[in-house]
1. What's the number of the condition ALA40 fails, among (1) touching a helix residue (DSSP H, G or I) at 6+ places or on another chain (Cβ under 6 Å); (2) part of a loop (DSSP other than H, G, I, E, B)?
2. Do we have GLU67 as part of a helix (DSSP H, G or I), of a type in the set (Asp, Glu) and open to solvent by 40 Å² or more (accessible area, probe 1.4 Å) here?
3. Taking the range 43-55, which residues are assigned to a helix (DSSP H, G or I) and surrounded by 12 or more Cβ atoms within 10 Å (Cβ to Cβ)?
4. Considering only residues of the range 1-37 that are in a helix (DSSP H, G or I) and open to solvent by 100 Å² or more (accessible area, probe 1.4 Å), which is nearest to LEU74 (Cα to Cα)?
5. If a residue must be among the small types (Gly, Ala, Ser) and closer than 17 Å to MET16 by Cβ, how many such residues does the range 41-92 contain?
Amino acid sequence: PFGYQADKLPLGARIMAVADVFTALTENRPYREGMDRNAAIRILRSMADNDELDKNLIDLVGKHYDEMNNIRDLAQKEAIREYDAFRASLGN
């Protein structure tokens, strides 16, 4: 982004990029189920091989996939609960 080369992007920006793609791949969406571990890792590694994501961070995702996915799943379930409670408060 903004013309930065990969080595000039702040670590926080690289982490956010990986987290964003990880969530987009693994999270259930209204139009599709989240991808399984193998499919998600395959895409993440392909993006890293194409220098679209930080390879070191993708290696960490591979090592900690289950923990990360559990955290993501809990956050998604909590967001759904909050949304349902909000809708209920509106009388819908």
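The values are calculated or read from the model by the stated rules, or taken from the named source; none is laboratory data. Nothing here was measured: the structure is a model prediction, and the numbers come from that model. Cβ placement follows ideal geometry from the backbone for every residue including glycine, while neighbour counts extend to all protein chains displayed. These area figures cover heavy atoms from the full protein model, side chains too; ligands, DNA and RNA do not enter into them. Shrake-Rupley method; radii C 1.70, N 1.55, O 1.52, S 1.80 Å.
1. The single condition ALA40 does not satisfy is (2).
2. yes
3. Within the range 43-55, ILE43, LEU44, ARG45, SER46, MET47, ALA48, LYS55 meet the criteria.
4. Here the answer is ASP20.
5. The qualifying residues number 2.
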